[in-house]
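Notes follow once the structure below has been shown.
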Amino acid sequence: MDTSTEIEEVNQIEEEGNKIKSEKEVIEEPFQFETKIKKENIEDFLKSLLIFADEGMVTINKNGIETRVVDSSHSFMVTTTLNEGGMFKYSMSDSEKRMVGTPIKMILKLIGKAKKNEAIQIEYLPGTTEKDEGIKITFGALQYDLPLIDVDTIEKVPKPPQIIFPIGITMRSRKFRETMALVSEIADEITFTVPANEDKLTVEGGNAMLKEIHQAEPHILTTIENGDILKFESVKENKNEDENIRIRKGEIKARFDAEKLNKISKIIAKMGKVTIRTDTDYPCEIEASFANGYGKIKYLLAPRIE
């Protein structure tokens, strides 16, 4: 082998070595994330989960943050998102996304000390492994460093089913709160009824447990209609025969757990509007927005079926 050939082979080996080193450096670049967000917006994002658990998985991606939690019986789910437009500042490294185990209750307790409308700065703190990563929370003169939860200890939540419901009723969230609070005072279950040819919602409460004790069931009935309904949507045809699209064919009637509906109504009471979607003996989807529309909460509650 002549000298020029040897030199060429050495240079090629060095180039390949530098390429491998460069790729390794890119791969090993630590994940970075930082946001500055109004106190009320991060509170709305996290409080939506407290019905279920004190901790949960938050996904950080290019567009914002998202979380999904399900209760132990898998009959009740919430998906909450907050787009970067609802934050003062939002930046992350080039990673596609990152899932972090979040101590929800602890964070809410700490930021509760912040003033109204105060900016909360949250920064990801990388560890030597994913099991010792953390976050830094700063506002005013205070700074907190919190460890994150090991993601392997948090239950993985499936995506919710993509259902197009036959009706959607939008009302003021305070009206929904008042109604759920009133009915749940005596009821352990709530029935939503939409008549076949009328755009209104009847809310009926009963308590089977008390009926067994007193031989008579407490009962309450109220109707939401006219000025209380901001928008009423109906799906009356399914041209493509999509099995996920439900059609409004007649009366719609479904029963749900009163305690869960009451808890949902408390969380979204200040969010302006709420939309309720359901079908006979089908789940109830309850959707509200916050952070000037950049944040969205969507609950999915399984029906009670006899």
Env charge @ Leu82, Cβ radius under 10 Å, K,R +1 / D,E -1, value -2
Rounded if a/c is under 1.5, else prolate if a/b beats b/c, else oblate: with a ≥ b ≥ c from the C-alpha gyration tensor eigenvalues square-rooted, which is the stretch 33-153?
rounded
For the chain, take the longest principal axis of its alpha carbons; what is the angle in degrees between that and the long axis of helix 258-268, to the nearest 10 within 0 to 90?
60 degrees
Among Phe256, Phe139, rank each residue by its count of other Cβ atoms within 10 Å, from fewest to most, as a rough exposure measure.
Phe139, Phe256
15 Å reach of a label modelled at Glu306, 7 Å along Cα-to-Cβ, counting backbone N of the stretch 270-291
281
When only C-alpha pairs under 8 Å and at least 6 residues apart count, what is the relative contact order of the chain, in percent?
18 percent
Test of understanding: what is the full-extension gain from Leu230 to Ala196, defined as 0.36 nm times their sequence separation minus their Cα-Cα distance?
10.3 nm
In whole Hz, the Karplus estimates of ³J(HN,Hα) for the stretch 148-163 (6.51, -1.76, 1.60; θ = phi - 60°; x where Gly or Pro) are 8, 8, 4, 4, 6, 8, 9, 4, 6, 10, x, 5, x, x, 8, 10
With no solvent and one equal point scatterer per Cα, compute the Debye intensity ratio I(q)/I(0) for the stretch 90-243 at 0.10, 0.12, 0.15, 0.16 Å⁻¹ and report its log10, rounded to two decimals.
-0.75, -0.92, -0.98, -0.99
What does the net charge come to around Asn262 if you take all other residues with beta carbon closer than 10 Å to its beta carbon, with K and R at +1 and D and E at -1?
+1
Label points 7 Å out from Cα along the Cβ direction at Lys136 and Ser95: separation in nm?
1.7 nm
Where the convex hull is taken over the Cα atoms of the stretch 167-295, what is its projected area averaged over directions, in nm²?
9.0 nm²
The distance between the Cα centres of the stretch 171-187 and the stretch 232-306, in whole Å, is 15 Å
Tilt, helix 3-27 to longest principal axis of the chain (alpha-carbon atoms), in degrees rounded to tens, equals 30 degrees
Provide the net charge surrounding Glu40, with neighbours chosen by a C-beta distance below 12 Å and charges set as Lys +1, Arg +1, Asp -1, Glu -1.
+3
For the stretch 167-295, compute the number of Lys pairs whose alpha carbons are separated by less than 14 Å, excluding pairs fewer than 8 positions apart on the same chain.
9
Choice from Glu225, Glu241, Glu259 showing the highest fluctuation, given a GNM over the chain with Cα pairs closer than 10 Å:
Glu241
What Kirkwood radius, in Å to one decimal, follows from the Cα pairs of the chain?
22.4 Å
Under Stokes-Einstein, with the Kirkwood radius over Cα pairs standing in for Rh, what whole-number D in µm²/s applies to the stretch 233-306 at 10 °C and 1.306 mPa s?
114 µm²/s
Dipole magnitude of the stretch 33-153 about its Cα centre, charges +1 at Lys/Arg Cβ and -1 at Asp/Glu Cβ only, in debye to the nearest 20?
560 debye
Here FRET efficiency (C-beta to C-beta, Glu155 to Ile247, R₀ 35 Å, nearest 0.05) is 0.50
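No value in this document is a laboratory result; all are computed from the given coordinates. This is a predicted model, so every value here is computed, not measured. Counting neighbours? That spans all protein chains shown, and the Cβs are built from the backbone with ideal geometry, glycine included.
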